[in-house]
Amino acid sequence: MSAGYLARLAAPRRGVLLDCGGRIYSALETLGLERWEFQMVSTIDAARRALRQDPGAIGLVAFDGCQAWPQAELEMLLARSDVEWVALLEEGLLRSERVSPELLRNFNDFHSLPLDRERMAMTLGHVHGKAALLPRAKTAFSAAGDFGMTGRSECMRLIYRQIEKVLGVDAPVLIGGESGTGKELVARAIHQHSLRAAGPFVAMNCGAIAPNLIQSELFGHERGAFTGAAQRKIGNIEAANDGVLFLDEIGDLPLEMQANLLRFLQEKTITRVGSTERVKVNVRVIAATHVDLQRAVADGRFRQDLYYRLNVLNLTLPALRERREDIPLLAQTIFDEQRVHASPQVKGFSSAALRAMMDYDWPGNVRELINRVQRAMIMSESRLLSVADLGLPAAVDPVTPTLEEIRTNVEREVIETSLKKHGNNVSETARRLGVSRVTLYRMIDRLKIVL
Ligand SMILES: Nc1ncnc2c1ncn2[C@@H]1O[C@H](COP(=O)(O)OP(=O)(O)OP(=O)(O)O)[C@@H](O)[C@H]1O
């Protein structure tokens, strides 16, 4: 048993309890469990943030008569967090439709109400012991990416570190990068993991709106402000109050509108079209551009003062061709996500297809990769997706797979099928395949199998 594991076992034990009314939290506190500290949160977003800030904590979810948690959101929390979960349920709920069996499957243990001190101590002790083993699994997970993004190349790791820094500061962010590199994904991640997560995320593409409508889209208008303004309309800035406004293609904002946006950023107030009243708003602006804004400033197409206001924090996403080593992992992740929509016989990528993907320049970046893999999965008539299925330029050397490639493909298929059959349980899969867990972990790593 490693010293790290023993130290984690001995450390103070912490739990984050998702409880809307606080009744179960009080009951838990009353038990006075030694060495345990609990933090109560009342929303799923708050739970996500608390667990992020406290990686050693276990998660608890209270199900009582007070409120039904939104199932999809709760499932996402239970699935994405690398956390051990315990459910505290009112007894009747175990058989109710409000808490489905699928949902319950995500928990390591249950405790029905009323809380029993001894049983609770045992349940929590057991789950804490499991959680203390987790750091290894955590490393494996974050190796695939972070913030809902896929990629473990050095340039993506740099992006994750930069996002981490941007989360703690409530200043504007300017995100650069070619089309399809994930700028909106990053903006959403910043919103979701920052203190504004409970507020709205409003996205607006400045290049897709007719110039005469942009003012009212941004600032809103009063009834009768212009012909056709039959109702008062709240603009996107106001709609994003307490949250984030994502301005995509900011370089396409007409010059006169740039002046208005600058005024809003300086004064933190807006005036609806057709009104004189100034409305105070509290919005974080995240802007994105695929063009070089500095050049636009030099050419007089973009205001320098606005550029500086927006560019307080800057992130530039790499093109996919600058992180080719992430292509197999991304392709496999997309494949796994889309498997349900694919023809059932499709099992993976041919080695020629993988090579062609690595050689291709991907002008449309990750979006193009998603489109090509999705289309190939639907259209393919063979077991392995081919270069032609992906619509990529044919490989220069029509290749016969080497023995090594054939072996690798067979190994990957056998391991993946077996893992799937045993619900991703590595110990069970290793036992069935007649190898040790360590050997299986090594093979999973070498074959880049995503668990
Ligand atoms: N690193 C990544 N991991 C997983 N998916 C990604 C990644 N980067 C981008 N995507 C996916 O690629 C698609 C395009 O991403 P997104 O819309 O964020 O790009 P964008 O840079 O904002 O594009 P545009 O400039 O055209 O608006 C989305 O489906 C997004 O989820």
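The values are calculated or read from the model by the stated rules, or taken from the named source; none is laboratory data. Predicted, not measured: the structure shown is a model, and the values here were computed from it. Cβ atoms come from the backbone with ideal geometry, glycine included; neighbour counts cover every protein chain shown. In case anyone asks, the SASA skips ligands and DNA or RNA and just uses the protein heavy atoms, side chains included. Shrake-Rupley method; radii C 1.70, N 1.55, O 1.52, S 1.80 Å.
Some values worked out for this structure:
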item: Breaking point among (1) open to solvent by less than 20 Å² (accessible area, probe 1.4 Å); (2) outside any helix (DSSP H, G or I); (3) at pLDDT 95 or above, for Ala197; result: (3)
item: Unique residue being more than 15 Å from the ligand (Cβ to nearest atom) and either outside the structural domain of Val173 (by TED's automatic domain parsing) or open to solvent by 20 Å² or more (accessible area, probe 1.4 Å) (or both) when the list is Gln258, Gln266, Gln192; result: Gln266
item: Test: residue in region 165-177 that is closer than 30 Å to Val438 by Cα and within 12 Å of the ligand (Cβ to nearest atom); result: no
item: Some residue of region 394-403 being over 25 Å from Arg152 (Cα atoms), within 30 Å of the chain's Cα centre (by Cα) and open to solvent by 80 Å² or more (accessible area, probe 1.4 Å); result: no
item: Hits in region 230-250 (condition: in contact (Cβ under 8 Å) with a residue 40 or more places away in the chain, open to solvent by 10 Å² or more (accessible area, probe 1.4 Å), in contact with a strand residue (DSSP E or B) (Cβ under 6 Å, 6 or more places away or on another chain) and over 19 Å from His290 (Cβ atoms)); result: Glu238
item: Tally, over region 291-318, of residues that are part of a loop (DSSP other than H, G, I, E, B), surrounded by fewer than 18 Cβ atoms within 10 Å (Cβ to Cβ) and within 16 Å of the ligand (Cβ to nearest atom); result: 2
item: Any hit, region 251-270, residues being touching a residue at least 60 places away in the same chain (Cβ under 8 Å), outside any strand (DSSP E or B) and out of contact with any Cys (no Cβ under 7 Å at 6 or more places or on another chain); result: yes
item: Matching residues, region 112-144, being open to solvent by 60 Å² or more (accessible area, probe 1.4 Å) and modelled with pLDDT of 60 or more; result: Pro114, Asp116, Arg117, Glu118, Arg119, Met122, His126, Lys130, Leu133
item: Residues satisfying the stated conditions in region 82-98, i.e. modelled with pLDDT under 70 and either among the aliphatic types (A, V, I, L, M) or in a helix (DSSP H, G or I) (or both); result: Leu94, Arg95
item: Residue identified as touching a residue at least 24 places away in the same chain (Cβ under 8 Å) and either surrounded by fewer than 20 Cβ atoms within 10 Å (Cβ to Cβ) or over 26 Å from Glu154 (Cα atoms) (or both) among Asp361, Asp326; result: Asp361
item: Selection status of Ala79, modelled with pLDDT under 75 and either buried (at least 17 other Cβ atoms within 10 Å of the Cβ) or in a helix (DSSP H, G or I) (or both); result: yes
item: Every residue from region 149-159 that is within 11 Å of the ligand (Cβ to nearest atom) and open to solvent by 20 Å² or more (accessible area, probe 1.4 Å); result: Thr150, Arg152, Cys155
item: Count of residues meeting criterion [over 21 Å from Ile327 (Cα atoms) and in contact with a Gly (Cβ under 8 Å, 6 or more places away or on another chain)] in region 146-187; result: 0
item: Options Ala171, Ala203: the member that is under 26 Å from Ala46 (Cβ atoms) and surrounded by 15 or more Cβ atoms within 10 Å (Cβ to Cβ); result: Ala203
item: Those residues of region 24-47 which are within 20 Å of Met120 (Cα to Cα), part of a helix (DSSP H, G or I) and either outside the structural domain of Val83 (by TED's automatic domain parsing) or touching a strand residue (DSSP E or B) at 6+ places or on another chain (Cβ under 8 Å) (or both), in sequence order; result: Ile24, Tyr25, Leu28, Glu29
item: Some residue of region 174-182 being open to solvent by 40 Å² or more (accessible area, probe 1.4 Å) and under 20 Å from Leu369 (Cα atoms); result: yes
item: Selection count where residues are over 16 Å from Leu330 (Cα atoms), in a helix (DSSP H, G or I) and within 6 Å of the ligand (Cβ to nearest atom), scope region 178-189; result: 2
item: Residue within region 273-285 that is in contact (Cβ under 8 Å) with a residue 60 or more places away in the chain and either β-branched (Val, Ile, Thr) or within 16 Å of the ligand (Cβ to nearest atom) (or both) present; result: yes
